[in-house]
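This report refers to the structure that appears directly beneath it.
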Amino acid sequence: MTMNDSAASNTLFIEVSGAGLPEVDGLYVPSTAPPAESESGTLSSVGSWNGKPAFDRADGKAKRSPAISYSNSYKSWRISRLDGHLAYEITCDDALPPSDRPWNVYKMGVAPAPTVTLHHCDPRLPAPAPNIVFILGGPGAGKGTMCELAQIQLGWTHLSTGDLLRAELKAGGPVTELIKSFIDAGTLVPDEIVVKLLKDAIESTIRHTGNRNFLIDGFPRSFSNLDAWYAVFGQNVDLPKMIYFECPLEVLTQRILGRAQYSGRSDDNVEAMKQRFETFKAETMPIVAHFKEQDKCIEIDTSQDRETVYALLREQLADQTNGDLLAKPLSEASEILLGLRPYPRRD
C-alpha cells in the first residue's frame, strides 16, 4: 500500500563542503522532482522524500533526484554522487540532515566525509533584513537579565558587543590579530570593527536559524557608535527602536553592591559604580535623547520587580514575536532569572 508524503513545504538550503569526493561539494536547493514512490512505498511530494525535506544540486548535475534525501528503509540521510550512486550517509531519524556531527563514508564515497551546513535562506542572495531593538540602561539596570529572558522565552537573539569581541578573540577569526593589537596597546577597538562583528553575527544567525529578531545589549553607547552603525549598515537604513531601562542611581548602586558578593568583577564597588554612572550620563544619555527626538525610544522603569519589568518588555516585543512563543509557559531557567525559584545549589 502506497502512503502519501505529507511533509511541510521545504524552504531550506544546504551547503556541502570538504568531501573527499569533490564533486559532492556545493549548494543544494529544495528538490523540484515530481512526486515519485520511494523504496519504502511512500509517494513523495515536491521538496520532500519519505516525509522529510529533500534537496537537488543547485547546478542540476546529479543524475539522482533528490541528491540529498532520507531513507525510511535504512533510517539514514544520504548524499549521492553525480552519477547517482550514494557516497555519504548518517544513520539517525533527525528531521533535517545533521550539521552537528560527522557523516559516514558510504560504498561509493571517499574519505573524509563532508561538512553539512543548513541555510534558512538562499546563500546566493542577501540575507533578509533583521528586526533590531537596541537595549540601553545604566550599569545594574537589568539589561542582561531581561535580554536573556527574552531569548529563552520569546526566541529573540541576544547580542552584546563585549561577548562578540571575546568570542572573536577565542575563535581566532579573521580580525583577531587586529583586535588584539588594539587591546595590547591599551586602546579601544574601533567602532567599525565592533559593528562589523555585529553585522556578521546578525547575518549568520538569520541564515543558519531563520531567526530575524535581535536585541542588541548596551549599544549604541555614543554617537561614534551610531556613526559606525550607519557606516557598516548603510546611511539609508532605518534607525532601530530603542528600549531604555530607566533606573535611579540609588537602586543601581544597591544592585551593584548586591551583585558584588558573587560576581567577582573588580568594578562592582561604590567608587567604580559612581564613575561608570557618570560616564553613562555623559556619553550615553545624549544618545537616548537623540532616539527620543526621533520618536524611537521607549522607557521602562526597571526599579520595579523583575516580573513587572519582564511583562513590560514582553509587551513591547509582542508585535514581532511568534504567538506560540508568547503563549509558552515560563521555563525553569526563566523562573530562576525572575527570582520565582532559587538557583540550584552547587554541592
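The values are calculated or read from the model by the stated rules, or taken from the named source; none is laboratory data. What you are looking at is a predicted structure, and each value in this text was computed from that prediction instead of being measured. A quick note on method: Cβ atoms are made from the backbone with ideal geometry, for glycine too, and the neighbour counts reach across all protein chains shown. These area figures cover heavy atoms from the full protein model, side chains too; ligands, DNA and RNA do not enter into them. Shrake-Rupley method; radii C 1.70, N 1.55, O 1.52, S 1.80 Å.
A few notes on this one:
- Packing rank of 52-65, 286-299, where each peptide gets the mean count of other beta carbons within 10 Å, highest leading: 52-65, 286-299
- Euclidean distance between Cα centres, region 25-79 to region 152-231, Å: 38
- Relative packing of peptides 182-190, 11-19, 313-321 - highest average C-beta neighbours within 10 Å first: 11-19, 313-321, 182-190
- Per-residue SASA entry for K199, accessible area with 1.4 Å probe, Å² rounded to 10: 60
- Shape call, the chain: gyration tensor on alpha carbons, a/c limit 1.5: prolate
- Reach of K180 by Cα under 24 Å, taken over lysines that are not fewer than 8 positions away in the same chain: K170, K196, K199
- When only the Cβ of Lys, Arg, Asp and Glu is charged (+1, +1, -1, -1), the dipole of region 106-199 relative to its Cα centre reaches about 280 debye.
- The order of V116, V46, V251 by accessible area, most exposed first and with a 1.4 Å probe, is V46, V251, V116.
- Full extension of the chain between V46 and K296 gives 85.6 nm of extra length, using 0.36 nm per residue less the Cα-Cα distance.
- Solvent-accessible area per residue for the chain (1.4 angstrom probe, square angstrom): 52
- Gyration tensor verdict on region 127-219 (Cα atoms; rounded if a/c is under 1.5, prolate if a/b is larger than b/c, oblate otherwise): oblate
- Portion, in percent, of the accessible area of the chain that falls on carbon or sulfur, probe 1.4 Å: 52
- Degrees, to the nearest 10: 191-209 long Cα axis against longest axis of the chain: 40
- Magnitude of the charge dipole, the chain, Cβ model with Lys/Arg +1 and Asp/Glu -1, debye to 20: 600
- Charging the Cβ of each Asp and Glu at -1 and of each Lys and Arg at +1, and nothing else, the dipole of region 1-133 about its Cα centre rounds to 160 debye.
- Relative contact order for the chain: 15 percent, from Cα pairs under 8 Å spaced at least 6 residues apart, divided by residue count.
- Three-way shape call for region 143-296 based on the alpha-carbon gyration tensor, with the a/c threshold at 1.5: rounded
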